[in-house]
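Okay, so here's the structure we're looking at.
Values in this text are rule-based calculations from the coordinates and carry no lab data. For clarity, every value in this text was computed on a predicted model and none was experimentally measured. Don't worry about glycine lacking a Cβ; one is built from the backbone with ideal geometry, like all the others, and counts go over all protein chains shown.
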Amino acid sequence: MAVAFDKASSITMFFRADTGVFDLPALLDLRACAGGLLARVSRQRTSLGQHMANPEARTLITATVKRFFKSSLPDLFAERFGKQPALNLIFTTIRLQEPDLPTSRVGWHIDFNFMGDTVPFLVAWTPLEDVGETRIGLDICVPTTPPSMASMLGPWQARSAKGDSLEFSDDDLDGIFGSGGYQVRSLRLPAGSSAVFDQFVFHRTQNLARATEARHSFEFRMVDLDALPASWRHRTAFFCRRCPNSEDNIQFLIKRDDGPPRPVDDSELDALNIKMHG
Ligand SMILES: O=C(O)CCC(=O)C(=O)O
């Protein structure tokens, strides 16, 4: 993917972690959604968008996105970018990390992978159980000085152009930030917390050899509907945004092929044929 960026400018990364973003009633809805949707696939990962054509799944999805839009997360996006966010439901994912299943771990990467663009974007990584002690959490790479766009995105672009893996090793990170030019922080967070960061923050599944229990998590991926990545222009996608005049205070939208996102109702969603993976 070719990406236009100002090579000399330095990257201002956004990261913050908050506890108590989802209270227990909200967590119960998120857990029901995670369990229900994962049960529909034979994998450790799925996305909300994948299940939008199924009415029972949509009930679980609706409960979750209502909780999301009532949480503090959309306002965090609005504070940073001056716009209310929409959730990209295709890229809002659910993960199960089991202690004895190393194949589901993800190495160092940036969420730039989802869009190849510098437009407004935040992901809220939200564990549904306490992580960092007996359940696998998330590692964050914290550079000691802000890297330049070129040092960060150059290696990404070179790999993307060749179709190579977009997972980076520790040595790769040494090459980008300089040896000793970053720290690795392992997040120890209670259930219902959110680690919120942008598309420039390297992160990976925590290496936690002593893990004994499974962890579920959501990755809520927020964008500005008026500034979508160029690479999504020809894609079909589902979004959800706050809509104060509607029954649930939320509105689902569909974007098909080259068209703009437009509201979609249950009957249109029921008629869709979404290919399920896994
Ligand atoms: O939850 C994990 O183990 C990794 C998730 C992640 O890095 C991602 O979805 O981008």
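Here the residues Val119, Val223, Val264, Val65, ranked from fewest to most Cβ neighbours within 10 Å of their Cβ, fall in the order Val119, Val264, Val65, Val223. Listed values for region 85-98 are Karplus-derived 3J(HN,Hα) couplings in whole Hz (6.51 cos²θ - 1.76 cosθ + 1.60, θ = phi - 60°), namely x, 10, 8, 7, 6, 5, 9, 8, 10, 10, 10, 10, 10, 9, and x replaces Gly and Pro.
Convex hull volume per residue, computed on the Cα atoms of the chain, equals 134 Å³. What fraction, in whole percent, of alpha-carbon pairs in region 225-277 exceed 16 Å separation? Tail of P(r) above 16 Å: 48 percent of Cα pairs.
Summarising the label geometry, the points placed 7 Å from Cα in the beta-carbon direction at Ser10 and Asp266 lie 5.3 nm from one another.
Placing a label point 7 Å from the Cα of Lys70 along the Cα-to-Cβ line, the residues of region 186-202 whose backbone N sits under 19 Å from it are 191-194.
Where the convex hull is taken over the Cα atoms of region 89-150, what is its projected area averaged over directions, in nm²? Kindly include the intermediate steps, with their values, before the conclusion.
Details: hull surface 24.6 nm².
Reported value for the Cα convex hull: 6.1 nm².
Of the three principal axes defined by the Cα atoms of region 87-228, the extents in descending order read 40, 39, 28 Å.
May I ask for the Kirkwood hydrodynamic radius of region 62-127, worked out over all distinct Cα pairs and given in angstroms to one decimal? Display every interim value, and only then the final one.
On the way: mean 1/r = 0.0712 Å⁻¹.
After inverting the pairwise mean of 1/r, the radius is 14.0 Å.
Across the alpha-carbon set of region 167-278, the Rg to Rh ratio works out to 1.05, Rh being the Kirkwood radius.
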